[in-house]
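**Student:** Before we start, here is the structure in question, set down as structure tokens.
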Amino acid sequence: MFSLPLRDDAVLRPLESWHAEEFAAHMDRAREHIRPWVGPGFVTADVEGAQGTLVRYGRRQAEDGGRLFGIWRDGTLVGGVMFTGFDAAWGTCELGCWLEPAGEGHGLVTEACTVLLDWALVERGLHRAEWHCRADNDRSGAVAERLGMTLEGVRREAWPYDGARHDKQIWGILAAEWHARRA
Ligand SMILES: CC(C)(COP(=O)(O)OP(=O)(O)OC[C@H]1O[C@@H](n2cnc3c(N)ncnc32)[C@H](O)[C@@H]1OP(=O)(O)O)[C@@H](O)C(=O)NCCC(=O)NCCS
């Protein structure tokens, strides 16, 4: 399988249904770390659940919709990035990300998202990319900021978790802004 070097010892690769066992083992390391911050459907319990996520993204990729990519560091799957939404007709997409604890603090997600933004906003010619996160997810907001995104607004109490409702931030970057950053 092809892979794209990110930095040092890390690579970005498509994360596909044949990775189900590896993805499930990674989810065992990541589950409690990511649970408060990602959609509940992404937090799976076993190989069957992991397979379900991978197949769902595979179908969406076939329709030029969502896409899922894993980040391997020293040969271990430590997290990934995705297009949670991709709409060529509307010229918009939304990125997402997650890491297990060992993957944090190395700049891997910022680097991987740069690859996705180049592809979406340069190669595919989309007009804008979005980033949605819980307003109290400081590490996620910091990624959006490092990518040059603008905090465009807050959807109040839009994120239910564990019996409470949290505000959700919407960050965005326009193609022209991305081109200027990359020039
Ligand atoms: C959100 C999340 C992916 C961010 O991970 P992260 O490691 O902080 O983000 P990056 O990969 O961009 O790395 C940035 C960190 O690496 C450090 N770093 C090291 N080398 C770096 C480099 N060359 N470039 C950028 N950052 C670098 C930065 O200093 C920063 O660490 P710090 O915040 O401790 O100072 C992670 O916290 C996570 O998975 N959280 C749980 C799930 C989640 O929130 N998902 C997002 C839902 S919206």
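**Student:** What number, rounded to the nearest 500 deg cm²/dmol, is the helix-based mean residue ellipticity at 222 nm of the chain, given -39500 (n - 2.57) per DSSP H run of at least four residues and division by all its residues?
**Tutor:** That comes out to -9500 deg cm²/dmol.
**Student:** Where does region 51-99 land on Rg/Rh, using Cα atoms and the Kirkwood Rh? Show your work: numbers first, answer last.
**Tutor:** Values: Rg = 11.8 Å, Rh = 11.4 Å.
That ratio equals 1.04.
**Student:** Toward the positive end of the charge dipole of region 4-182, about the Cα centre and with charges on Cβ (Lys, Arg +1; Asp, Glu -1), which of 88, 76, 50 goes farthest?
**Tutor:** Highest projection toward the positive end goes to 88.
**Student:** When you count, for each residue, the other Cβ atoms within 10 Å and take the mean per peptide, how do 33-42, 133-142, 70-79 rank with the highest first?
**Tutor:** The most tightly packed comes first, giving 70-79, 133-142, 33-42.
**Student:** How big is the dipole moment of the chain about its Cα centre under a simple scheme where the beta carbon of each Lys and Arg is +1, that of each Asp and Glu is -1, and everything else is neutral? Debye, nearest 20, please.
**Tutor:** Its charge dipole is roughly 400 debye.
**Student:** I've got another one for you. Taking a probe of 1.4 Å, how large is the accessible area per residue of region 81-183, in Å²?
**Tutor:** 50
**Student:** Something else about it: Taking the Cβ of residue 5 as the centre, find all other residues whose Cβ is under 11 Å away and add up their charges (Lys, Arg: +1; Asp, Glu: -1).
**Tutor:** Value of the local net charge: -1.
**Student:** Calculate how many DSSP beta bridges within region 56-183 are antiparallel, expressed in % of all such bridges and rounded to the nearest 5.
**Tutor:** For region 56-183, the DSSP antiparallel bridge percentage is about 90.
**Student:** Per q in 0.09, 0.13, 0.19, 0.22 1/Å, what log10 I(q)/I(0) does a Debye calculation on the alpha-carbon atoms of region 1-116 return?
**Tutor:** Once normalised to I(0) and log-transformed, intensities are -0.21, -0.45, -1.01, -1.36.
The values are calculated or read from the model by the stated rules, or taken from the named source; none is laboratory data. If you're wondering where the values come from, they're calculated on a predicted model, not measured in any experiment. No Cβ is skipped: glycine too gets one built from the backbone with ideal geometry, and neighbour counts run over all protein chains shown. We work out accessible area using only protein heavy atoms, side chains counted, and drop any ligands, DNA or RNA first. Shrake-Rupley method; radii C 1.70, N 1.55, O 1.52, S 1.80 Å.
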